Amino acid sequence: MDISELKLIPLFSELKESDLEQIAKMTVRQVYKKDNMVLIEEEVGSTMFVILNGRVKISRISDEGREVILSILVDGDFFGEMSILDGQTRSANAVTLEDTELLIIRRENFLQILHSYPQVAINLLKELAHRLRRSDAQIKSLSLQNALGKVGSTLLRIADDSGIIKQGKVEISQLPPQQDLANMAGTSRETISRVIKSLGQLGYVKKEGSKLIILDYERFRQDFS
Ligand code: CMP
C-alpha cells in the first residue's frame, strides 16, 4: 500500500507519514468488478471499506421491493463503519457501479486505529454529521409534494457530493441513470425526465449528454435546499 494514496483519503489526511505506514499495515486492497454486491443489508459485518477509486451505491429495498438509493459514494469515501461501531447488522446494501478498488479494514484494526489516532475519529464524526445532514435533507425532500422540489433537491445533493464548482456553476460530470435518480428522489423515471426538461426551460440547468450543469448554484441552493 502506497502511503501517498492513503494521504488522499480524507479520513487519514492529517496523519504523519509514520502513522500512515502503521495504518497501511492494517489494510488490504482489493478490486471489485462492476455490479459486485460488497455488502448485503441485514448481514453480520466485520470489515469496513474505503474507496480508493470507483463508485459504490448505498441502497435499501423497501417492503414493496422498490430500491431507495441513500447515497452514491466516490473516491476517498468510506462505508461499512456502522456495523463495526454499533455491532448491529449491515444497515444497507453496497454495490459497485463500476470496477472499484477498495481498501478493506477489519473491525479490530479499525477500532485500534480510532484508539491510536484521535484525528481519525474526529474525521469520522465529521463525515457522520455530514451524512446525517444529508439524510435530513433527503427526508425533507421525500416529504415534498411537488416533483420539481423532489428532483431539484436530489440534484442539489448530488452536486454537493460530487459536483465541481466553477465560476458560480456546478458541473456534475456523470449524472446517475434516470432510474437511479428516481430511486434517490422517491419518484418515477418519467417524472425525472420531465422535471429535468422543465429545470432546463426554467434556466436552472443545462444537460450535455450524461453531464449536467447547474447554471447558478446559489440560486439553485436557495430554491431547492
Ligand atoms: P454498515 O451498516 O456497516 O453497512 C452499510 C453501510 O452503508 C453503512 O455501514 C454505511 O457505511 C453506509 N450507509 C448507510 N446509510 C448511509 C447513508 N444515508 N449515507 C451514506 N452511507 C450510508
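Has the range 164-180 got at least one residue that is touching a Ser or Thr at 6+ places or on another chain (Cβ under 7 Å), aliphatic (A, V, I, L, M) and within 22 Å of SER141 (Cα to Cα)? Taking every residue of the range 164-180 in turn, at least one turns out to be touching a Ser or Thr at 6+ places or on another chain (Cβ under 7 Å), aliphatic (A, V, I, L, M) and within 22 Å of SER141 (Cα to Cα). Checking every residue in the range 122-141 against the condition of being aliphatic (A, V, I, L, M), surrounded by 15 or more Cβ atoms within 10 Å (Cβ to Cβ) and at pLDDT 95 or above gives at least one match.
Conditions tested, residue by residue: (1) aliphatic (A, V, I, L, M); (2) more than 19 Å from ARG66 (Cα to Cα).
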{"residue": "ILE172", "(1), (2)": "yes, yes"}
{"residue": "PRO177", "(1), (2)": "no, no"}
{"residue": "ASN183", "(1), (2)": "no, no"}
{"residue": "ARG189", "(1), (2)": "no, no"}
{"residue": "ILE192", "(1), (2)": "yes, no"}
{"residue": "GLY200", "(1), (2)": "no, yes"}
{"residue": "LEU212", "(1), (2)": "yes, yes"}
{"residue": "ARG219", "(1), (2)": "no, yes"}
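A Cβ distance below 7 Å, combined with a sequence gap of six or more or placement on separate chains, defines the contacts here; from the range 120-132, residues that are over 21 Å from ARG157 (Cβ atoms) reach no residue that is modelled with pLDDT under 95. (1) within 14 Å of the ligand (Cβ to nearest atom); (2) more than 22 Å from ALA24 (Cα to Cα): which one isn't true of MET48, the others all being true? If we test MET48 against (1) within 14 Å of the ligand (Cβ to nearest atom); (2) more than 22 Å from ALA24 (Cα to Cα), just (2) comes out false. Would a scan of the range 73-93 turn up a residue that is in contact with a Ser or Thr (Cβ under 6 Å, 6 or more places away or on another chain), within 13 Å of the ligand (Cβ to nearest atom) and at pLDDT below 95? Yes.
Quick one: which strands (runs of 3 or more DSSP E) sit completely within the range 143-225 and have at least 2 residues that are crowded, with 17+ Cβ neighbours inside 10 Å, at positive phi and β-branched (Val, Ile, Thr)? Don't jump to the end; show me each part of the working.
Details: elements: 164-166, 169-172, 205-208, 211-214.
Here the list is empty.
On the basis of being of a type in the set (A, V, I, L, M), surrounded by 15 or more Cβ atoms within 10 Å (Cβ to Cβ) and either over 15 Å from the mean Cα position of the chain (by Cα) or not assigned by the TED database to the domain that holds VAL205 (or both), does ILE113 make the cut? Spelling it out, ILE113 is indeed of a type in the set (A, V, I, L, M), surrounded by 15 or more Cβ atoms within 10 Å (Cβ to Cβ) and either over 15 Å from the mean Cα position of the chain (by Cα) or not assigned by the TED database to the domain that holds VAL205 (or both).
The values are calculated or read from the model by the stated rules, or taken from the named source; none is laboratory data. Since the structure is predicted, the reported quantities are computational estimates derived from the model, not experimental observations. Positions of Cβ are generated from backbone atoms using ideal geometry, with glycine treated the same way; all protein chains shown enter the neighbour counts.
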